[in-house]
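The values are calculated or read from the model by the stated rules, or taken from the named source; none is laboratory data. If you're wondering where the values come from, they're calculated on a predicted model, not measured in any experiment. Virtual Cβ from ideal backbone geometry, glycine too; neighbours counted across all protein chains shown.
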Amino acid sequence: VFRNKLEFFAAAKISSSFPPPTLPEIAFAGVSNVGKSSLLNALTRQWGVVRTSDKPGLTQTINFFRLASKLCLVDLPGYGFAYAKDEVKDSWQELVKEYVSTRVGLERVCLLVHTKRGMKPLDYELVDLMERSKTPYQIVLTKTDLVFPIDVARRAVEIQESLKKNKSVIKPVMMVSSKTGAGVRNLRGVLGKIARF
Ligand code: GDP
């Protein structure tokens, strides 16, 4: 499914402008700088055309892309940016929270976690919310090339352990490097199963 042409079709700043949910949807969430744009680029190999900036101060929107009439990929604004003003920060977070807890057709949230840094309080907040709304989510460790394989494995185990009692988490923890391409095919395979055929 990732071979299909990637097409941007909607951006929303408020929930009332979310497009109607007509396709199975996979959303990508995580703190700013976690490597979300790079991963979307690696997965689709076509992100360059549609990439939007995550720089603080610029308008933050939820962006919807489709792969033919098979799958919708949703780019959620990165949260927890240290330099953003509090009110801007809050509105991003509210939008992300509202999206993940109410969106119809949302089949999976990929929660991207920096392998070196691990899960942050805002990640756990999002996890709690997805548990409450029974939204299936999956942890994707990013930038695995920055640490030794043993440390990637340790991080995965640590996170798995911390989510042991959670019900909506899809196992196992996935691990990727957009830089080397490690794990990208594997993730494509897992996510491809959600597409409509
Ligand atoms: P976003 O803010 O989550 O969209 O993050 P970006 O994809 O823009 O990446 C943030 C920074 O991390 C950029 O400087 C990327 O070049 C770098 N980066 C992204 N993915 C990887 C990776 O797999 N390995 C390494 N070493 N760096 C990465």
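Looking at LYS85, LYS89, just one residue is among the charged types (D, E, K, R), over 12 Å from the mean Cα position of the chain (by Cα), modelled with pLDDT under 85 and crowded, with 17+ Cβ neighbours inside 10 Å, and that residue is LYS89. Of all the listed residues (LYS143, LYS97, LYS179), the sole one being in contact (Cβ under 8 Å) with a residue 12 or more places away in the chain, surrounded by 14 or more Cβ atoms within 10 Å (Cβ to Cβ), under 16 Å from ALA29 (Cα atoms) and within 16 Å of the ligand (Cβ to nearest atom) is LYS143.
Among residues of the stretch 23-47 that are near the ligand (Cβ under 7 Å from one of its atoms), those with a Cβ under 6 angstrom from a residue that is of a type in the set (Asp, Glu), sequence gap 6+ or separate chain, pair up as SER32/ASP54. For the stretch 137-159, which positions are of a type outside the set (A, V, I, L, M, F, W, C) and either assigned to a helix (DSSP H, G or I) or more than 17 Å from LEU187 (Cα to Cα) (or both)? THR144, ASP145, PRO149, ASP151, ARG154, ARG155, GLU158 - these are the residues of the stretch 137-159 that are of a type outside the set (A, V, I, L, M, F, W, C) and either assigned to a helix (DSSP H, G or I) or more than 17 Å from LEU187 (Cα to Cα) (or both). Taken over the stretch 111-140, the criterion of being within 16 Å of the ligand (Cβ to nearest atom) and under 21 Å from LEU73 (Cβ atoms) is satisfied by LEU111, LEU112, VAL113, HIS114, ASP123, LEU126, ILE139, VAL140.
Scanning the stretch 95-143 for residues that are of a type in the set (Asp, Glu) and within 22 Å of GLY192 (Cα to Cα) yields one hit, GLU107. Filter the stretch 182-197 down to residues that are loosely packed, with under 15 Cβ neighbours inside 10 Å and at pLDDT 95 or above and give me whichever is farthest from the ligand (Cβ to nearest atom). In this case the residue turns out to be LYS193.
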